[in-house]
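Here the structure is laid out as structure tokens; the discussion comes afterwards.
Every number in this text was worked out from the coordinates using simple rules, so none of it is lab data. Owing to the predicted nature of the structure, the values given are computational and were not obtained by experimental measurement. A quick note on method: Cβ atoms are made from the backbone with ideal geometry, for glycine too, and the neighbour counts reach across all protein chains shown.
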């Protein structure tokens, strides 16, 4: 005899449910409320961008998870680059939230991974290898660029340390000179 199930006994895992639960967890762990305080906005925007980047949900669906509309999600996506560049707190929050979102999607094999240059029609071994080699080359170029930037920043850092020492020594010299003039007056 075949066992039958009622529809309320079956829990269908959808990306929307997974992201909704992920947002609940993030908001509870970080005391995020629905207010417009900067702390709350940082978490909401970071999570919206991570969901949009790594998932395949529409702007409207992401907005519904947060009780907002699609325009709010679009605004978060548009502001993301500036927030990452200029807001250290947002940057830290985004990378933490992004890991949460990736892990949640990966747990149910729901993460959207776009492979540029490869459609379903071209899914043969040679084309996959070609696309991944191109991707590896891009990553290697990025590594070289980041390494060069890192060396440049290190050079700037050492130069700034030298400048700081020079300025500090000059400050000490001038302070001593000022103190010696004060003694004569």
Rounded to the nearest 500 deg cm²/dmol, what is the calculated helix-only ellipticity per residue at 222 nm for the chain, with -39500 (n - 2.57) per DSSP H run of length n ≥ 4?
-26000 deg cm²/dmol
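Give, in nm to one decimal, the length gained when the segment between residue 60 and residue 17 is fully stretched (0.36 nm per residue of separation minus the Cα-Cα distance). Walk me through the numbers before you get to the answer.
Numbers: separation 43, 0.36 × 43 = 15.48 nm, distance 1.43 nm.
Net length gain for the segment: 14.1 nm.
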In whole angstrom, note down how far apart the Cα centers of region 123-182 and region 59-87 are.
31
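Once the Cβ-Cβ distance between residue 86 and residue 108 is put in as r, and R0 is 35 Å, what FRET efficiency do you end up with, to the nearest 0.05?
Details: r = 35 Å, r/R0 = 0.99.
It comes to 0.50.
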Just to confirm the number: angle between the C-alpha axis of helix 15-29 and the first principal axis of the chain, 0 to 90 degrees, nearest 10?
40
Starting from the Cα gyration tensor of region 120-184, multiply each eigenvalue by 5, take the square root, and state the resulting semi-axes largest first in whole Å.
61, 8, 4
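Pull out a ≥ b ≥ c, the square roots of the eigenvalues of the alpha-carbon gyration tensor of region 12-107, then state rounded if a/c is under 1.5, prolate if not and a/b is larger than b/c, and oblate in the remaining case. Intermediate results must be reported in sequence, preceding the final value.
Numbers: a/c = 1.41, a/b = 1.34, b/c = 1.06.
It comes out rounded by the Cα gyration axes.
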Measuring from the longest principal axis of the C-alpha atoms of the chain, the long axis of helix 70-86 (C-alpha) lies at a number of degrees, nearest 10, equal to 30
Using Cα springs under 10 Å in a Gaussian network model of the chain, which residue among 86, 94, 153 shows the largest mean-square fluctuation?
153
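Assuming 0.36 nm per residue, please report the length gained on full extension of the stretch residue 183 to residue 28 beyond their Cα-Cα distance. All intermediate terms of the calculation are to be shown ahead of the outcome.
Details: separation 155, 0.36 × 155 = 55.80 nm, distance 6.32 nm.
Stretched out fully, the residue 183 to residue 28 stretch lengthens by 49.5 nm.
Once fully extended, how much extra length lies between residue 79 and residue 159, figured as 0.36 nm per residue of separation less the alpha-carbon to alpha-carbon distance?
Additional length available on full extension: 25.5 nm.
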What value in Å³ per residue do you get for the convex hull of the alpha-carbon atoms in the chain?
226
Round to the nearest 0.05 the FRET efficiency obtained for residue 148 and residue 127 when R0 = 35 Å and r is the Cβ-Cβ distance.
0.65
Highest GNM mean-square fluctuation, the chain, Cα pairs closer than 10 Å: which of 58, 34, 150?
150
